[in-house]
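So the structure is just underneath, and the comments pick up after that.
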Amino acid sequence: MKKLIFLSLFWFALSPLLHAESLLKLDYSKRLDGDAKDWLIAEDWTFQAGAKSIKPLFQEGKLIIIAKEEQLGQLVKRVNLENAKTLIIKWGVNKFPKNASWDNSVEREAIMVSVSFGKEIHGSGVLFLPSLPRFIGFFLGETEKEGQAYKGRYYKKSADYYCLPCGNKATEEVTTEVDLEDYYKKSFGTGPMPYISSLSLEFDTRDTGPSEAFIRSIEIIAKDSISK
């Protein structure tokens, strides 16, 4: 009888996880080793700026992104995800850009996952950069303060950046789990969170040095998807 009660309680605790609805799952854990660029392009990733010259690859179940010195680029995937709640990233950095520090105005990173919200666009603050929807970037850093909202040089009113988690060691794989609604309210505090309109993978090694990062998976889970 006690065993039956224990199993029932265990199943009750586990069942919400089993019923979570995944709006988007990018899982590279079973990809064969080799060049990843053509595959990513076929999956609707657009290579922009310095990303056009990188050679991403699959290795040991991970997407590897290697940036040379003085490179800034991003891979962008357009999406239309309503009812999003949680972002989960399994990732890490093999080599951090030397002396990168958002606290010391060296706003550089080996990897950042940015989430854009809705279609309403906001100015960058300068003429040479386009207006964009609000967005939040999550990155891995060695020295930054976890949970602090950092501002970049541009898009000061429509973008925040968070190191989550911080103090990571090279080659360490970590999991970042984000309540998107909470972070949207923390950053912008205006009305309900819009739908997610794009994801981007970014790197910036200007004024620092080369970097290498990896992503095992990215998943976005819907709210109200837990079985009651």
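The values are calculated or read from the model by the stated rules, or taken from the named source; none is laboratory data. Note that the structure is a prediction, hence the values are computed from the model and not measured. Here the Cβ is made from the backbone with ideal geometry for all residues, glycine too, and neighbour counts use every protein chain on show. Side chains are part of the model used for accessible areas, which takes the heavy atoms of the whole protein and leaves out ligands, DNA and RNA. Shrake-Rupley method; radii C 1.70, N 1.55, O 1.52, S 1.80 Å.
Considering only Asp179, Asp204, Asp103, the Gaussian network model of the chain with Cα springs below 10 Å gives its largest mean-square fluctuation to Asp103.
Thr143 contributes about 80 Å² of solvent-accessible surface, heavy atoms of the protein only, 1.4 Å probe.
Comparing Tyr183, Tyr154, Tyr195 in a Gaussian network model of the chain (Cα springs below 10 Å), the most mobile by mean-square fluctuation is Tyr154.
Using Cα springs under 10 Å in a Gaussian network model of the chain, which residue among Gly61, Gly125, Gly73 shows the largest mean-square fluctuation? Top of the fluctuation ranking is Gly125.
Val174 label point, 7 Å along Cα→Cβ, cut-off 20 Å on backbone N: hits in the stretch 32-69? The answer is 62-67, whose backbone nitrogens lie closer than 20 Å to the label point. A Förster distance of 45 Å, applied to the separation of the beta-carbon atoms of Glu70 and Asp182, puts the FRET efficiency at 0.80.
Where does each of Arg78, Arg134 land when they are ordered by accessible area, with a 1.4 Å probe and the largest first?
Arg78, Arg134
Only helices enter this figure: runs of n ≥ 4 DSSP H residues, each worth -39500 (n - 2.57), summed and divided by the residues of the chain, yield -4000 deg cm²/dmol at 222 nm to the nearest 500.
Comparing Ile54, Ile196, Phe128 along the charge dipole axis of the chain, the residue lying farthest to the positive side is Ile196, per the Cβ-charge model. Of the listed residues Lys90, Lys68, the order by accessible area with a 1.4 Å probe, largest first, is Lys68, Lys90. Amide H contacts under 5 Å for Arg206: Glu70, Gln71, restricted to partners 5 or more places along the chain or on a different chain, H placed in the peptide plane at 1.01 Å from N. As a ratio to 2.2 N^0.38 Å, the alpha-carbon radius of gyration for the stretch 69-228 is 1.01. On a 0 to 90° scale, report how tilted helix 2-18 is relative to the longest principal axis of the chain, with both axes built from alpha carbons and the result rounded to the nearest 10. The answer is roughly 30 degrees. Per-residue 3J(HN,Hα) values for the stretch 151-161, derived from phi via the Karplus relation 6.51 cos²θ - 1.76 cosθ + 1.60 with θ = phi - 60°, read 10, x, 6, 10, 6, 5, 8, 10, 8, 10, 10 Hz in sequence order (x marks Gly and Pro).
Heavy-atom accessible area for Trp91, with the other protein chains in place and a 1.4 Å probe, reaches approximately 0 Å². Hey, quick one: spin label on Ala20, modelled 7 Å out along Cα-Cβ, who in the stretch 134-172 has an amide N within reach, i.e. under 17 Å? Under 17 Å, as judged by backbone N against the label point of Ala20, lie 165 of the stretch 134-172.
Put Met193, Met112 in order of accessible area, highest first, and with a 1.4 Å probe you get Met193, Met112.
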